[in-house]
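Notes follow the structure.
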Amino acid sequence: MKKYKVELEITKITKAQPKPIPEDELQASFDAIVADYMELPYTIKLTPEADGTYYAYVEELPGCATVGDTKEEAMEKIREAMWGWIESNLARGLWIPLPKAG
């Protein structure tokens, strides 16, 4: 029986690693996505409370609510709450509901 010598050449194949995105560029891109959602026509409900404050919530965003001393303050605070709600869900990879069809 004849013996053969086998030589193998192993070539390591590597994928090119993607260039890391600078933190400031990543945040700017993320902020742009949140800003796009903020432009959508979400349904904001504003209700006067017995104590004279105003309760504001977004129908399509569960748990997105706030209270303000005036209508104007409640509306300002609900916009801030919406930004935080959308940003938080995006960061965790969760679904963002779209506004109700008009």
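A short reminder: the numbers here are calculations on the coordinates, not readings from a lab. No experiment lies behind these values; they were computed from the predicted model shown. Note: ideal-geometry Cβ built from the backbone for every residue, glycine included; neighbour counts use all protein chains shown.
What is the distance in Å between the Cα centroid of the range 44-58 and that of the range 69-91?
About 14 Å separates the Cα centre of the range 44-58 from the one of the range 69-91.
Please sort 75-83, 27-35, 90-98 by packing, taking for each peptide the average over its residues of neighbouring beta carbons within 10 angstrom, highest first.
On the way: 75-83: 17.1, 27-35: 12.1, 90-98: 10.6.
Peptide ranking by packing, descending: 75-83, 27-35, 90-98.
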